[in-house]
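The next block holds one structure in the form of structure tokens; read it before the comments.
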Amino acid sequence: MTGDVAVTKIEEEYFGTTFADYLTLIKPEYRWQAGMKTCFGPANFSYLRDLSGISRRLDEVGFHALTSLKRSCCFLGDILIPDFETAQRMAKAHCDAWTERNPEAVASRYANDTTMGMNRGDPMTSQAEIAEMAAGFMADFPNLALKLDSVLVADHHMVYAWTFEGHHKETGSHVKFSGWEEWDLDDDLKVIKSLGWYDNADYERQVAGE
């Protein structure tokens, strides 16, 4: 196969009936991944179904139009693999949950059996601990805003960089600092391991107003 997009047809026979699948293969970087799948549906029409759940008849879409359909994720079997746009949306939604002061939404980004460590500290190991940590920052900084700076993604690993800004409730100091998190994702795109980094000494100086 050559180029960036290819379509392959797979036929299988069960109990005398032939079923046909069309796989759209999309080549990000240097490898092929399954991007979309069609299935042989009622009335002998093939239907295109992407990961958003939208189905359209293949004869209505047109064979060559497969190459121009946007996707939110590609998949390999039943495993979701985020592309750049998906990773960016995930990170942006996570930052918005911080800014909207919603600790439960922050924690929901992580899997039930997750680990999250900041600056090599003792890791948190549950959504409840992460929600408690987030609620603490939100109490200390009533007007906090977390801004997404950049995102990198490769397979089930992504990194997002952020900038935190707000006024400390007790000292009144304006605090602004940056950092990043490295996320390992499970097949449902939940975070199973997170390593976070920021300059804690600079953070403490700013909180103290120095």
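The values are calculated or read from the model by the stated rules, or taken from the named source; none is laboratory data. What you see is a predicted model, and the numbers here were worked out from it, not measured in a lab. Glycine gets a Cβ as well: all are built from the backbone with ideal geometry, and neighbour counts include every protein chain shown. To get the accessible areas, we keep the full protein, side chains included, count just its heavy atoms, and leave off ligands, DNA and RNA. Shrake-Rupley method; radii C 1.70, N 1.55, O 1.52, S 1.80 Å.
Some observations on this one:
- The set of residues from the range 129-173 being over 17 Å from A93 (Cα atoms) and among the polar types (S, T, N, Q) comprises N143, T171, S173.
- The lone exception for D122 - which of (1) in contact with a Leu (Cβ under 9 Å, 6 or more places away or on another chain); (2) open to solvent by 70 Å² or more (accessible area, probe 1.4 Å) it fails: (1)
- Pairs with Cβ under 7 Å, 6+ apart, first in the range 127-148 and part of a helix (DSSP H, G or I), second among the acidic types (D, E) and open to solvent by 40 Å² or more (accessible area, probe 1.4 Å): A131/E104
- Considering only residues in the range 167-210 that are assigned to a loop (DSSP other than H, G, I, E, B) and not charged (D, E, K, R), the one that is modelled with the lowest pLDDT turns out to be L189.
- Every condition in (1) open to solvent by less than 40 Å² (accessible area, probe 1.4 Å); (2) free of Cβ contacts under 8 Å to residues at least 12 places away in the same chain holds for V151 except the one numbered (2).
- Looking across the range 101-119, the residues that are more than 14 Å from the chain's Cα centre (by Cα), in a loop (DSSP other than H, G, I, E, B) and surrounded by 14 or more Cβ atoms within 10 Å (Cβ to Cβ) come down to R101, N102.
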